[in-house]
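Quick note: the coordinates plus some simple rules give every number you see, no bench work behind them. Not measured: the values here are computed from a predicted model. Note that each Cβ is placed from the backbone with ideal geometry, even for glycine, and that neighbours are counted across all protein chains shown.
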Ligand code: ACO
């Protein structure tokens, strides 16, 4: 071990020094355990609420350099994938590590297409929801329910079982997502049309009425394809960490992905796309943007939704692509009435010291809502579209975690701040309640 790849630690409590190895710019938190005051001491831990500075895994899937706005899947720049690849090609890339050859791609697409149908009982299950159930709640529960339909998915150490589960999840997510949409609208469920490609089929299940064959507008198919690629993975974000943590208990992947969907639902994560549109609608007019920004800065109102990111400290590269895509969709649908509000929000925020000094830039969710609304998706449905796409990343990350010999059940430590041991008291003696 050379002096250049180690870290010296001196414990001023004891005067002892320790040398710990540095690998890939990290030290192992477990190496801190040797730093102890005495034999009874548990050893030092690192304290890192919200994992601001802790790597929980080694991963070869997605690379982000947040300072300069770089995003790559398996080494391929997101800009090139969004322009040239299909979503299923990207899903293959994420899982297998390489872009597929023609025959690999054909069998991947074949297998996914073969599994698009869901058990009829799932329909009855969805029908149990009220008309105003949030589509993310419906999606999370129906994906969790799939685990009951495929008990063999528990065999997570079996390569073939994992493969079939991955195929089933990728295949059935659009079907379930479309069923959630149709249920909200009170429309009959549309079965998959396996003559169609992945995104076309999804749009068919969303929009088809009495026509024998649904043909989605090519601009909409392209928009969904690109948005799915942009959302397919984003390394160790909240929902992916949830999938990995839940999956680390060796539960089946349907249950683990359901956990990811619930994490994604939150307004600080994937739910932000819904909140961005609600915020833009509440602002109402570009002339109100200045006052709204002042409220955000005061901390009295809400945050500027669709702005800021834990990792990106410059423009989110996905946001740049989405902004251009919005114009392509508006060419078909007509200009969105609220685009001006979004542009004004971006213009003012990017020139304002509050946002500049905190490195707050538009994230992927800032413009997606306008595209989805232009395509007539209801606002509370936006995050479902995100979930369908992110399933590809969750599954790749889940399998990488399972095959990583260093991984064990996820189980963080805590710093206990509560009482020392104290005796149980009977109700009548609980005077501390009266003191409050
Ligand atoms: N609007 C106003 N102020 C903000 C915003 C925002 N959107 N985001 C962060 N800040 C401020 C915080 O108030 C804080 O200011 P302070 O230092 O004066 O206290 C500072 O910037 C740092 O913010 P943190 O909350 O510490 O940053 P963190 O990395 O924890 O949060 C997050 C990242 C959750 C994305 C945050 O920026 C946010 O809430 N954004 C709005 C919601 C959103 O768009 N989420 C989608 C993220 S992308 C995705 O998940 C797909």
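Observations, loosely collected:
- Rounded FRET efficiency, nearest 0.05, which uses the C-beta distance separating residue 22 from residue 217 and R0 of 45 Å: 0.25
- Longest to shortest principal axis, alpha-carbon extents of the stretch 249-400, angstrom: 52, 37, 25
- Between residue 428 and residue 379, the FRET efficiency from the beta-carbon distance, with R0 = 45 Å, is close to 0.25.
- For the chain, the longest principal axis of the C-alpha atoms and the axis of helix 272-283 are separated by about 70°.
- For the stretch 1-105: span of alpha carbons on each principal axis (Å, largest first): 62, 29, 27
- Whole-number percent relative contact order across the stretch 75-405, with pairs defined as alpha carbons under 8 Å at least 6 apart: 24
- Ordered by the count of other Cβ atoms within 10 Å of each Cβ, fewest first, 336, 39 give 39, 336.
- In nm, spacing of pseudo-spin labels at residue 414 and residue 328 (7 Å Cα→C-beta vector): 4.8
- Shape call, the stretch 276-341: gyration tensor on alpha carbons, a/c limit 1.5: oblate
- Extension gain, residue 114-residue 407: 0.36 nm per intervening residue step, less the Cα-Cα distance, totals 102.2 nm.
- Packing around the peptides 157-164, 11-18, 240-247, taken as the average count of other Cβ atoms within 10 Å per residue, puts them in this order, highest first: 240-247, 157-164, 11-18.
- On the basis of the beta-carbon distance and an R0 of 51 Å, residue 99 and residue 37 show a calculated FRET efficiency of 0.45.
- Centre-to-centre separation between the Cα atoms of the stretch 338-375 and those of the stretch 130-205: 32 Å.
- Its relative contact order, with pairs defined as Cα atoms under 8 Å and 6+ residues apart, puts the stretch 28-179 at 15 percent.
- Extent along principal axes [Cα atoms of the stretch 226-318; Å; largest to smallest]: 52, 25, 22
- Rounded, prolate or oblate (a/c below 1.5 giving rounded, otherwise prolate when a/b exceeds b/c) for the stretch 377-430 by Cα gyration tensor: oblate
- For the stretch 84-161: rounded, prolate or oblate by the Cα gyration tensor [a/c cutoff 1.5]: prolate
- Kirkwood Rh in Å, taken over the chain so that all alpha-carbon pairs contribute: 24.0
- Helical content alone sets the calculated 222 nm signal of the chain at -16000 deg cm²/dmol, taking -39,500 (n - 2.57) per DSSP H segment of four or more residues and averaging over every residue.
- Helix 135-149 and the longest principal axis of the Cα set of the chain meet at an angle near 80°.
- Normalised contact order of the stretch 276-384, rounded percent, pairs of Cα under 8 Å and 6 or more residues apart: 40
- Proportion of all alpha-carbon pairs of the stretch 1-55 beyond 16 Å (%): 49
- In this simple spin-label approximation, residue 127 and residue 340 carry label points 7 Å from Cα along the Cα→Cβ vector, and these lie 4.8 nm apart.
- Between 0 and 90°, nearest 10: helix 382-403 axis offset from the chain longest Cα axis: 50
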